[in-house]
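Here the structure is laid out as structure tokens; the discussion comes afterwards.
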Amino acid sequence: MPEVKTDLVCTGCSLLCDDIIVEVEDGKILHTHHICARGYGRHYQVNFKYRILKPTIKATRENKEISYEEALQEIVSLLKNAKNPFFYGWASATSEAQQKGIQLAQKYSGLIDSASTFTTGSAVQQFIQKEIKVPKLSFIKDNADVLLFWGSNPTASHIRLLSKYALLARGLNTDRGIEDRQAITLDIRRTDMSKFCPNFLIITPGKDKILLESLIQIIQGKSFSEESVANISRKDLYEIAGIIKEAGFGVVFFGNGFVKTDENMGTLFHFLDILNQKGVKFGAIPLDGGYNSVGFNMNLKKQVNLELNADFRKNPPIQNRDLFVTMLKKGKIDLLFVLGSDPISNFPFNLSKLIAKIPIITIDFQQTPTTKISKVVIPTTIPGVESDGTAYRLDFEPITLKKFLNPPNGIHSDDIILFDLLEMS
């Protein structure tokens, strides 16, 4: 008879949906409910044919299976002999693992950075630095009547956002769902958001700042003579500004397409300030894919008072937006410790070639191009499925992850692996 597990949290993305229902029998998942395609893929990785079940070490051209203890000893030896170890990934790791990863980087005077630094990490950094409050998803569901999606496509990245909290959701003051809301999407190409947003406008790449400045100018009632800006006509600009000014409460959901420079973020914060001065309540939320990308920035702030990344070779440690790429191009990284990421797949080929020249340690639950070339690999559990933990949702809200399956024999959670490494160091 299947056992029904309820109120589980999905780690398929940073939305961290907390209403998942799973039917389990004999340690296997039979059925899942309230889950999207990304979440489905995440949960069924339990029985994935490319699941890693044993620690390995690179021996000539092949990977040789070794014991967990031998893998730990090899990693500690590599760390002790490295001059510039770089700890990379972390956006898809629990907060407990992130905290221990920061400690490990500090212990070995290394460097640590999140994969989300290349997406919305720098935006999260500025929210934390400036102490800007991010609106809670529950409040958005109940109150947001204007939604602006800028350089983001939640139909692919955060699939249940529209139905659970945003455009289609029915809340206390938005009980008619989409009929009580107006949505605008600004992107450089047509996406599936066009099916939900009549106001879907294609903008010129790299012109986000000037477009936002034009909207600010119109909202402030200043003279505006341009016939078009960033491929948006004067008529459409005034229509967008009019919708925004009439908002009871509005939200900007921005993605990687918007976070190109710190100038864009500065202009966005100015935009929010202008609206609030005029009595229009508006907030903003970065949309990042890693289920705990926000957590890395939050934990770094708590532990070492930095918000983006850390170079522990300096005392006090410093941060730099281009830390990983700069070190990589200069050939300064002599050991790469990867957890919660697959840099060989994620980076352009010219950078992947440089990464492939470095000895790599990888902690992961599945085979990836990065694990295949790693010096040492230790398998881990799937958080929220086979192990507990904590993660920060995209609205900066801490969420508790609950395990509902036992992991394969000998497989440990990422935070336990890091704890063991700290104990042996």
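The values are calculated or read from the model by the stated rules, or taken from the named source; none is laboratory data. A quick note: this is a predicted structure, and the numbers were derived from the prediction, not measured. Ideal geometry is used to build each Cβ from the backbone, glycine not excepted, and the neighbour counts take in all protein chains shown.
Miscellaneous remarks
- Picking from residues in region 132-177 that are of a type in the set (F, W, Y) and more than 24 Å from I20 (Cα to Cα), the one that is surrounded by the most Cβ atoms within 10 Å (Cβ to Cβ) is F149.
- Considering L104, L79, L72, the condition of being in the same structural domain as K372 (by TED's automatic domain parsing), assigned to a helix (DSSP H, G or I) and under 29 Å from R393 (Cα atoms) is satisfied by L104 alone.
- Taking the criterion of being within 27 Å of P383 (Cβ to Cβ) and buried (at least 16 other Cβ atoms within 10 Å of the Cβ), the residues of region 324-345 that qualify are F324, I333, L335, L336, F337, V338, L339, G340, S341, D342, P343, I344.
- Residue check, M298 in the same structural domain as R321 (by TED's automatic domain parsing), under 21 Å from I140 (Cβ atoms) and under 24 Å from the mean Cα position of the chain (by Cα): yes
- Members of region 110-128 that are aromatic (F, W, Y) and either under 19 Å from G250 (Cα atoms) or at pLDDT 95 or above (or both): F127
- Among the residues of region 329-338, at least one is on the phi > 0 side of the Ramachandran plot and out of contact with any Ser or Thr (no Cβ under 9 Å at 6 or more places or on another chain).
- Considering the conditions (1) modelled with pLDDT of 90 or more; (2) of a type in the set (S, T, N, Q); (3) more than 24 Å from S92 (Cα to Cα), T6 is excluded by exactly one of them, (3).
- Of the residues screened, A97 is one that is assigned to a helix (DSSP H, G or I), crowded, with 22+ Cβ neighbours inside 10 Å, at pLDDT 95 or above and of a type in the set (G, A, S).
- The single residue among I35, I29, I20 that is in contact (Cβ under 8 Å) with a residue 40 or more places away in the chain, surrounded by 14 or more Cβ atoms within 10 Å (Cβ to Cβ) and among the aliphatic types (A, V, I, L, M) turns out to be I29.
- Looking only at region 178-236, and only at residues there that are in contact with a strand residue (DSSP E or B) (Cβ under 8 Å, 6 or more places away or on another chain), over 16 Å from F258 (Cα atoms) and among the acidic types (D, E), the one that is surrounded by the fewest Cβ atoms within 10 Å (Cβ to Cβ): E227
- Each residue in region 109-131 was checked for being surrounded by fewer than 24 Cβ atoms within 10 Å (Cβ to Cβ) and of a type outside the set (S, T, N, Q), and 6 of them qualify.
- Residue match in region 339-348 (condition: more than 22 Å from Q125 (Cα to Cα) and not in a loop (DSSP other than H, G, I, E, B)): yes
- Members of region 129-163 found to be at pLDDT 95 or above, in a helix (DSSP H, G or I) and not small (G, A, S), listed by number: L137, F139, I140, K141, D142, N143, P154, T155, L161, L162
- Positions within region 45-70 being surrounded by 14 or more Cβ atoms within 10 Å (Cβ to Cβ), touching a Ser or Thr at 6+ places or on another chain (Cβ under 8 Å) and of a type outside the set (S, T, N, Q), in sequence order: I52, P55, K58, I66
- N264 falls short on exactly one of the conditions (1) in contact with a Phe, Trp or Tyr (Cβ under 7 Å, 6 or more places away or on another chain); (2) under 18 Å from Q99 (Cβ atoms), and that condition is (2).
- Qualifying position, being surrounded by 23 or more Cβ atoms within 10 Å (Cβ to Cβ) and of a type outside the set (A, V, I, L, M), among P383, P348, P317: P383
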